[in-house]
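Report on the structure given below.
The values are calculated or read from the model by the stated rules, or taken from the named source; none is laboratory data. Because the structure is predicted, anything quoted here is derived from the model rather than measured. Note that we place each Cβ from the backbone using ideal geometry, even for glycine, and neighbour counts take in every protein chain shown. What goes into the accessible areas is simple: the full protein's heavy atoms, side chains included, and nothing from ligands, DNA or RNA. Shrake-Rupley method; radii C 1.70, N 1.55, O 1.52, S 1.80 Å.
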Amino acid sequence: MAPIRINAVAYISANNHPVLVRSFVDNGNALKYHYIAHTALDVIEERVNEAKHPYLGLLYSIDDVAVYAYTTPLNLKIVLALALADAVVPDIKVHTIFKALHMAYYHAVSNPFLNLDPANPAPLNSPKWKSFTRQLDEICAVVGAGV
């Protein structure tokens, strides 16, 4: 089975403000993933009322991207854009990726020096973001390697 390729990850606050939208594709089309994150919010709203689990599954696919979502107990939404492949990606693998992304966010929030407030964000190139973005890069690298 081919490795799963993560195109982008978006963290969206309980107030539907983007905390971080990070693209792992080098085609310079980061705006596309902002659009995907915002359009996923409508589907998340519909599914969160009827869902019993935080993993909301495949929301939709658009162009060459499959969009999945996960909600945390504090209503943080994590949107994952995976490259479409010929093979079906098992839900257990996507759920495991979401758990890793959730734990990375949890550890970042536990850092008292990192301010993830969307109303007053720290610049993305600040040293405070380095640990969080490094964890996201590591998760993407491990998933892309097929480990």
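In region 75-108, of all residues being among the aliphatic types (A, V, I, L, M) and open to solvent by 80 Å² or more (accessible area, probe 1.4 Å), the one that is nearest to residue 24 (Cα to Cα) corresponds to 84. Every condition in (1) out of contact with any Lys or Arg (no Cβ under 9 Å at 6 or more places or on another chain); (2) modelled with pLDDT of 90 or more; (3) under 14 Å from residue 12 (Cβ atoms) is met by residue 74 except one, and the failing one is (2). When you scan region 57-69, do you find a residue that is within 13 Å of residue 6 (Cβ to Cβ) and modelled with pLDDT under 85, even just one? Within region 57-69 (the criterion being within 13 Å of residue 6 (Cβ to Cβ) and modelled with pLDDT under 85), the answer is no, since none of the residues qualifies. Only residues that are surrounded by fewer than 15 Cβ atoms within 10 Å (Cβ to Cβ) and under 18 Å from residue 98 (Cα atoms) were counted across region 49-60, and they come to 5. Scanning region 18-40 for residues that are among the polar types (S, T, N, Q) and either open to solvent by 60 Å² or more (accessible area, probe 1.4 Å) or touching a Ser or Thr at 6+ places or on another chain (Cβ under 7 Å) (or both) returns 27, 29.
Taken over region 93-128, the residue count meeting the criterion of being over 16 Å from the mean Cα position of the chain (by Cα) and either at pLDDT 85 or above or of a type in the set (Phe, Trp, Tyr) (or both) is 1. Can you spot a residue in region 3-17 that is within 19 Å of residue 91 (Cα to Cα), touching a helix residue (DSSP H, G or I) at 6+ places or on another chain (Cβ under 8 Å) and open to solvent by 50 Å² or more (accessible area, probe 1.4 Å)? Scanning region 3-17, I find at least one residue that is within 19 Å of residue 91 (Cα to Cα), touching a helix residue (DSSP H, G or I) at 6+ places or on another chain (Cβ under 8 Å) and open to solvent by 50 Å² or more (accessible area, probe 1.4 Å), so the answer is yes. Scoring residue 112 on the criteria (1) open to solvent by 20 Å² or more (accessible area, probe 1.4 Å); (2) in contact with a Ser or Thr (Cβ under 7 Å, 6 or more places away or on another chain) leaves a single failure, condition (2).
Given 51, 40, 85, which one is within 24 Å of residue 142 (Cα to Cα) and small (Gly, Ala, Ser)?
So the residue among 51, 40, 85 that is within 24 Å of residue 142 (Cα to Cα) and small (Gly, Ala, Ser) is 85.
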